[in-house]
Structures are given as structure tokens and as C-alpha cells.
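J.: First the structure, which I've put down as C-alpha cells, then a few questions once you've had a look.
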């Protein structure tokens, strides 16, 4: 059996778990690696594209926070979910060493170590979401429920996004 060289480790993990997804690709602009730019290039609204941030709590250590592209991480909310007094995002220079992924390609699937994953509750307002496939220019398109199943994510309010502003419905 040969490996599909176009598939990322994250996609292979979903395959092994029997989770359906579509692999989306877009042209990478190294000057603009943000999730909002990825959403634009994919023709998706930013509320359906989620970025993965690496954070470290003072008591519980490293975790991954997955929030909407246009949102900012609410560090106090994440700290409360994690039972930390204080939490902050890790410096960019540490991200690859912790996860095995580079900026613009961080995903909760297939990190060097199995870190706890926290997904913003706003994801559940969407039928499908796009998350990084573990490589710049590739996203996985799947249901929030399947993402939760694949990552073991805990769902909670993690961002400054207001549901009535970002999400119409």
C-alpha cells in the first residue's frame, strides 16, 4: 500500500479514524499567513475558518486553542477552562519545536505530543469548518462534531468574537 504524498499526517489520522473531510488547497502568500487571508483565498467566510494557537498555562502546561479566523483568543477564558491562574500564547520561535508544525500550518492533529485541544464554541454554529491540514496552503473541511471527535477537543467560549456579530443566524 502506498502513501498518498499529497495527504498530510493530519489527513491520514482522520482517514484512520474513519472521519470524512475534504482537503482544500490555496496558494500561499508568505507575506500574509493569517487565517483571514486563507479564508479569503478559499472563498469562505472567516467564521468558518479556524486557526490553531499554541498556549501555555502556569499550572497545566501547553495546549492548543482553535478559534475563528477573525477572532482574538480570550486568555482569561482559556485559563479558566484549563484551571490556570495565567496563560499566554507561546512565542513563535517555540511553536515548531512543540508541535512539529510551522506558522501557517499548525493543526491539532498529529502534533509531536498529544496536547489538550480547546475549540471555540462558535464552531458548533457552523455546518462545516476549515482547519489547518498541517501544511501551509492546505485546510481540512469537516463538521465541528467530527473535528471534536478527531481531536478530543473540549468546547468552550475561547474568543472575543460575539456570536451575533460574527455569526448570522
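The values are calculated or read from the model by the stated rules, or taken from the named source; none is laboratory data. Just so it is clear, the model here is predicted, and its values are computed rather than measured. Ideal geometry is used to build each Cβ from the backbone, glycine not excepted, and the neighbour counts take in all protein chains shown.
J.: How many residues does segment 21-42 hold that are outside any helix (DSSP H, G or I), at pLDDT 90 or above and in contact with a strand residue (DSSP E or B) (Cβ under 9 Å, 6 or more places away or on another chain)?
T.: 6
J.: Mind checking which residues of segment 68-103 are out of contact with any helix residue (DSSP H, G or I) (no Cβ under 8 Å at 6 or more places or on another chain), in contact (Cβ under 8 Å) with a residue 60 or more places away in the chain and surrounded by 14 or more Cβ atoms within 10 Å (Cβ to Cβ)?
T.: 73, 74, 77, 78, 81
J.: How many of the residues in segment 1-29 are under 18 Å from residue 103 (Cβ atoms) and either in contact with a helix residue (DSSP H, G or I) (Cβ under 6 Å, 6 or more places away or on another chain) or free of Cβ contacts under 8 Å to residues at least 24 places away in the same chain (or both)?
T.: Summing the residues that are under 18 Å from residue 103 (Cβ atoms) and either in contact with a helix residue (DSSP H, G or I) (Cβ under 6 Å, 6 or more places away or on another chain) or free of Cβ contacts under 8 Å to residues at least 24 places away in the same chain (or both) in segment 1-29 gives 2.
J.: Which of (1) under 23 Å from residue 20 (Cα atoms); (2) in a loop (DSSP other than H, G, I, E, B) is the odd one out, the single condition residue 84 does not satisfy?
T.: Failed condition: (1).
J.: Taking residue 108 as meeting all but one of (1) in a loop (DSSP other than H, G, I, E, B); (2) in contact with a strand residue (DSSP E or B) (Cβ under 9 Å, 6 or more places away or on another chain); (3) more than 20 Å from residue 39 (Cα to Cα), write down the number of the exception.
T.: (3)
J.: Being touching a helix residue (DSSP H, G or I) at 6+ places or on another chain (Cβ under 7 Å), within 16 Å of residue 152 (Cα to Cα) and buried (at least 18 other Cβ atoms within 10 Å of the Cβ) is the filter here; which residues of segment 119-128 pass it?
T.: Matches in segment 119-128: 119, 123.
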